[in-house]
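Throughout, read-outs are computed from the coordinates displayed, never taken from laboratory work. Being a predicted model, the structure only gives us computed values, none of them experimental. A quick note on method: Cβ atoms are made from the backbone with ideal geometry, for glycine too, and the neighbour counts reach across all protein chains shown.
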Amino acid sequence: MRPLEGLTVLEFAQYMAGPSAGLRLADLGAHVIKIERPPSGEGGRQIAIKNLIVDGDSLVFHTINRNKQSFAADLKKLEDLAVVKQLIVRADVLTHNFRPGVMEKIGLDWESVRQLNPRLVYGEVTGYGQEGPWKDKPGQDLLLQSLSGLTWLSGNADQGPVPMGLAVVDILCGSHLVQGILAALIRRARTQKGGFVQVSLLESILDFQFEVITTHLADGGRLPQRGKRFNAHAYLAAPYGIYPTENGYLALAMGDLMKIARLIGCAEIEEYNDPRKWFTCRDEIQQVLADHTRTRPTEHWLALLQAAGVWCSDVFDYARLLAHEAWKVLRMDQMVRRDGVEIHTTRCPIRIDGEILFSPKAAPRVGEDNKSIQEALRNA
């Protein structure tokens, strides 16, 4: 039995942040019902990465909506809204990521819904919170990365802002929503009262940077200074970075620079024997290291460094990773199926009592569960 079995989640969310939270709740055993507008469903069904559409829906939609049901309802129609309210009365959790004011217009905001179901945990995702000058801006991942300062941490000093190449803001915010929902459910078990969980994309990506924002605040307001080359962290000293080798790349984490210099036979580094210089002279040191590491294959450096306990690594791409035993032993991938169509994707990263949580049910079609859900309501 999975830990959230018996809990019902109504998901009014679309795109990435809200649905990724629903995905995790479903993986953990919750009965997640997507409430979608007929006939096209939520907007994420047509947001495709690399134009990949599978069985009429985007591959991204399949990835974050597996193991859910779909109930099609036009919330502007009174008869559909009445059915949805019946579902709310019986639900444990409701989530949405509409812009501020939308749920109020249809009477499904927190203050209205708690009158229907005082035990409901209500989860709300916004882009920038419910107030302030940005509250009506579109909550899109790249825009949040750009406004939050995140893009000045990656890349090298001469590159300008560099965004992360995935929806990091959405996924983090979805994780925070799950954390808040689970905390509210634990409190409900003691008090029998629901709760209002609010997260925003902006607050999530700011929290993600708590380490470096705290450094900025404590450092006289100085801005992060990325290394000229081989930058991996704007606030960490050499050797921290990724360096070219004869046949690939070598990642060096924090370490004793003098020890590393001796191990790899780089005499030029020894003049930087004052640890304070490892940050102030970071660019010079990293260039010397790069010129040296280029002279031998990655495997040569790893053999020297790993044997001495230095934190270092090869640098893999997806092809090398997925062919490696480290990937295979985790059993991180699974097949999900819908009407004979198979999609190769990843699984839930959480194990419960040693059990790997596979979920082979693919994302639903729009409204495919209306009949069974309405029948369950009649029989309740």
- Note on the structure: For residue 7, the residues 5 or more places away or on another chain with a placed amide H closer than 5 Å to its own amide H are 31
- If you line up the long axis of helix 168-191 against the longest principal axis of the chain, both from Cα atoms, how many degrees apart are they, to the nearest 10? 50 degrees
- Task: Report, to the nearest 10°, how far helix 78-90 tilts away from the longest principal axis of the Cα atoms in the chain, using its own Cα long axis and a range of 0 to 90°.
- Result: 70 degrees
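Neighbour counts of other C-beta atoms within 10 Å: give me 296, 66 arranged from fewest to most. Don't jump to the answer; show the numbers that get you there.
Details: 296 17, 66 25.
If I rank by nearby Cβ atoms, fewest first, I get 296, 66.
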- Task: Return the long-range amide H neighbours of residue 198 (sequence gap of 5 or more, or a different chain), with a cut-off of under 5 Å between placed amide H atoms.
- Result: 124
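Distances longer than 22 Å among the Cα atoms of the range 187-307: what percent of all pairs is that? All intermediate terms of the calculation are to be shown ahead of the outcome.
Numbers: 3529 of 7260 pairs.
Counting pairs separated by more than 22 Å, the tail of P(r) holds 49 percent.
Please express the shape of the range 254-328 as an equivalent ellipsoid: the semi-axes are the square roots of 5 times the eigenvalues of the C-alpha gyration tensor, given largest first in whole angstrom.
Here the semi-axes work out to 27, 13, 12 Å.
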- Message: Charges on Cβ only, +1 for Lys and Arg, -1 for Asp and Glu, centred on the Cα centroid of the range 168-274; of 195, 216, 178, which one is farthest towards the dipole's positive end?
- Response: 195
- Arranged by the count of other C-beta atoms within 10 angstrom, fewest first, what order do 350, 242 take? 350, 242
- Could you tell me which GluC sites (Glu not before Pro) in the range 1-82 are loop residues by DSSP with no more than 15 other beta carbons within 10 angstrom of their beta carbon? 5
- Note on the structure: In degrees rounded to 10, the 0-90 angle between helix 298-307 Cα long axis and the longest Cα principal axis of the chain is 90 degrees
- Using all C-alpha to C-alpha distances in the chain, build P(r) with 10 Å bins and read off the rounded percent in each one. 5, 19, 25, 22, 16, 9, 4, 1, 0
- Message: If you average the alpha carbon positions of the range 192-254 and of the range 334-380, how far apart do those two centres end up, in angstrom?
- Response: 36 Å
- Among 205, 35, 150, flag the residue with its Cα farthest along the positive direction of the charge dipole of the chain, charges on Cβ as +1 for Lys/Arg and -1 for Asp/Glu. 35
- If contacts are Cα pairs under 8 angstrom and at least 6 residues apart, what is the relative contact order of the range 164-319 in percent? 19 percent
- Message: As a footprinting exposure proxy, order 216, 176 by other Cβ within 10 Å, with the fewest listed first.
- Response: 216, 176
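With all pairs of different alpha carbon atoms counted, what Kirkwood hydrodynamic radius in Å does the range 86-147 show? Kindly include the intermediate steps, with their values, before the conclusion.
Details: mean 1/r = 0.0777 Å⁻¹.
So the Kirkwood estimate lands at 12.9 Å.
Report the FRET efficiency, 1/(1 + (r/R0)^6), for residue 295 and residue 162, where r is their Cβ-Cβ distance and R0 is 25 Å, rounded to 0.05. Each step should come with its number before you reach the end.
Values: r = 28 Å, r/R0 = 1.14.
Once the sixth-power term is evaluated, E becomes 0.30.
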- For the range 101-111, Karplus couplings with θ = phi - 60° (6.51, -1.76, 1.60), whole Hz, Gly/Pro x: x, 5, 5, 5, 5, 9, x, 10, 6, 4, 5
- Please state the relative contact order of the chain as a whole percent: Cα pairs under 8 Å, 6+ residues apart? 17 percent
- Have a look at 167, 252, 21 and report the one farthest towards the positive end of the charge dipole of the chain, computed about the Cα centre with Cβ charges (Lys/Arg +1, Asp/Glu -1). 21
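Between residue 317 and residue 183, what length comes free when the chain is fully extended (0.36 nm per residue of separation minus the Cα-Cα distance, one decimal in nm)?
44.5 nm
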